[in-house]
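See structure below.
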Amino acid sequence: MAMEDLIGTLPTYAKDLKLNYSSLVKQNTELTPQQLWGTVVAAAIATRNPELTAASLAEAEAAGLTADAIDAIKAASAIMGMNNIYYRFHHLTTNEKYATLPARLRMNALRGHKVDHVDFELWCLVVSAVNACEKCVDSHERVLRDKGATEELINAAIRVTSIVHAIGVVLDSEKAAPTAVEAVA
């Protein structure tokens, strides 16, 4: 299903999401097409909603993202899925010893991708924001600024992330318990 069709299935109570998607994704002027669709895909993957992920991947490919870019988005999502759990545990526990222990987690994807480093870092930040990992959000946001990304660019990606995540939440909740009006129809 195309993103536009998927967005069209959102119930009335999610009208703000439809409007925000239209204004912040369809009319985006702040992110490059690769940054935008990479952000949409990374956020969709992080929501774990299969329909949203499939639609966003199809839209990204239609927007011209290369196979290397799609692989990099998936790599950022995978590596952050692992790192976010590990490092979020570190900031959730009060036991300081864990911070002194080696992670021993392979993270070659952080350097082995074939896209612009700012784009890859942006997607790492997106997934980390969805997964609420304080250490990873702080680290990737700092790296992005060090590489020349502005706060406005970062904020634009996080706004898109918040919309995509919310759409995934609505899709999941409607699958589990459709709204009464739409369930009757």
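The values are calculated or read from the model by the stated rules, or taken from the named source; none is laboratory data. Predicted model, so just to flag it, every value in this text is computed and none were measured. Neighbour counts are summed over all protein chains in view; Cβ atoms, including those assigned to glycine, are modelled from backbone coordinates with ideal geometry.
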query = In the set Ile167, Ile158, Ile154, which member is in contact (Cβ under 8 Å) with a residue 60 or more places away in the chain, under 28 Å from Glu59 (Cβ atoms) and out of contact with any Gly (no Cβ under 8 Å at 6 or more places or on another chain)?
reply = Ile167
ask   = Can you tell me which residues in the stretch 101-132 are over 23 Å from His165 (Cα atoms) and either assigned to a helix (DSSP H, G or I) or basic (Lys, Arg) (or both)?
value = Arg104, Arg106, Ala109, Leu110, Arg111, Gly112, Lys114, His117
Boolean, Leu36 is of a type in the set (A, V, I, L, M), buried (at least 21 other Cβ atoms within 10 Å of the Cβ), under 15 Å from the mean Cα position of the chain (by Cα) and part of a helix (DSSP H, G or I) = yes
task = Report yes if Thr39 is closer than 21 Å to Asp172 by Cβ, among the polar types (S, T, N, Q) and in contact with a Phe, Trp or Tyr (Cβ under 7 Å, 6 or more places away or on another chain), otherwise no.
result = yes
query = So is Ala14 at pLDDT 95 or above, within 27 Å of Thr150 (Cβ to Cβ) and surrounded by 14 or more Cβ atoms within 10 Å (Cβ to Cβ) or not?
reply = no
key: Which numbered condition Gln27 fails, given (1) surrounded by 12 or more Cβ atoms within 10 Å (Cβ to Cβ); (2) modelled with pLDDT under 95   = (1)
